[in-house]
Amino acid sequence: MALKKLGQNFLIDEDVAKREIKYCNITKDDVVLEIGPGKGILTALLAKRARKVIAIEIDERFIDDIKKNLPKNVLLICADVLKVDFKTLPKFNKIVSNLPYQISSPITFKFLEYDFSQAILIYQKEFADRMVARVGSKNYSRLSVGIYYKARCEIVETVPKTCFDPQPKVESCIVNLLPRTFHPFSVSNEDFFFELTRELFNHRRKKIKNILQKTYGVDCEEIPDKDKRVEELTPEQIGKLSNTLLEIQHR
């Protein structure tokens, strides 16, 4: 039985799993990380194509069942992936996972702190839409900005609810995530850039100048786009705003 508190919706359509592997172009040179193998449908297929699979499962109930038919090239770890230091694992270069929806944001940004070449991931459709949203759209958010800064992101397929057990209330999407070698714009302090982005989107209906005056106590005369709202700013403009604000604070 799936546990709602763990966000479990198990993929039961093998064809979808096969397409995930195809999208990621898995070969015998690849070491692949899988999060939440559950009943192991994707794990078994990955093991046939990859040199090694590292599967991390938080739910102890599935460990014994997975072990029964576990290929020799699969390393199965029972742990909370958000607490796992990826540097302690064998080095992996690709990620293929049907992610528990409730950890979508923290695990994605944890991935992007690690050096890998490609990830093929299944997300809830609403979350995937926010990942790729462009400025001015209803789905544009701090997630959109953060992902754009860190990676190239593309929705490659919508997955019907019927492909999962239990069926989720919404459709899902397969997303192709490619970490950027170089960021598309420069920020002088990444931590501050992400902090500012979060603050702006937490008050997305307010004008930029009102947020900055209240939160950072700055004179906004030098601030570009101060009369706009954050949903009107491109990621590049938010990056420029971050740099300008830091310059003002350091004077």
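Find which of ILE223, ILE238, ASN210 sits farthest along the positive direction of the dipole of the stretch 200-251, computed with +1 on the beta-carbon of Lys and Arg, -1 on that of Asp and Glu, about the Cα centre.
ASN210
Show the residues, 5+ positions off or on another chain, whose built amide H is closer than 5 Å to the amide H of ILE95.
Amide H to amide H, under 5 Å and 5 or more residues apart or across chains, ILE95 pairs with LEU33, GLN118, ALA119, ILE120.
Tell me, ASP227, ASP191 in order of fewest to most beta-carbon neighbours within 10 Å? Don't jump to the answer; show the numbers that get you there.
Details: ASP227 11, ASP191 8.
The order, fewest Cβ neighbours first, is ASP191, ASP227.
Run lengths n ≥ 4 of DSSP H only: what is the helix-derived mean residue ellipticity at 222 nm for the chain, with -39500 (n - 2.57) per run over all residues, to the nearest 500?
On the way: 9 runs with 88 residues, N = 251.
Roughly -10000 deg cm²/dmol at 222 nm, from the helical runs in the chain.
Inverting the mean 1/r over all pairs of different Cα atoms, compute the Kirkwood radius of the chain and quote it in Å.
On the way: mean 1/r = 0.0511 Å⁻¹.
In the chain this quantity evaluates to 19.6 Å.
If you place +1 on the Cβ of every Lys and Arg and -1 on the Cβ of every Asp and Glu, how big does the dipole about the Cα centre of the stretch 1-115 come out, in debye to the nearest 20? Don't jump to the answer; show the numbers that get you there.
Details: 20 positive and 16 negative charges, 60 e Å.
The dipole of the stretch 1-115 has a size of about 280 debye.
Quick one: what are the phi-derived ³J(HN,Hα) couplings along the stretch 139-155, Karplus 6.51/-1.76/1.60 with θ = phi - 60°, whole Hz, x for glycine and proline?
Along the stretch 139-155, the couplings run 8, 5, 8, 5, 5, 4, 5, x, 5, 4, 5, 8, 7, 8, 9, 9, 7 Hz.
Quick check for me: using +1 on Lys/Arg Cβ and -1 on Asp/Glu Cβ, what's the dipole size of the stretch 190-250 about its Cα centre, in debye to the nearest 20?
On the way: 11 positive and 13 negative charges, 91 e Å.
Roughly 440 debye for the stretch 190-250.
Taking amide H atoms as placed 1.01 Å from N in the peptide plane, list the residues 5 or more away in sequence, or in a different chain, whose amide H sits under 5 Å from that of ASP59.
none
Hey, got the dipole for the chain? About the Cα centre, +1 on K and R Cβ, -1 on D and E Cβ, debye to the nearest 20? Spell out each step's value before the answer.
Working: 42 positive and 35 negative charges, 54 e Å.
With Lys and Arg at +1 and Asp and Glu at -1, about 260 debye.
Read phi for every residue in the stretch 193-198 and hand back ³J(HN,Hα) as whole Hz from Karplus 6.51 cos²θ - 1.76 cosθ + 1.60, θ = phi - 60°, with x for Gly and Pro.
Working through the residues one at a time gives 4, 5, 5, 5, 4, 4 Hz.
Values in this text are rule-based calculations from the coordinates and carry no lab data. Source: prediction; values computed, not measured. Neighbour counts run over all protein chains shown; Cβ positions are idealised from the backbone, glycine included.
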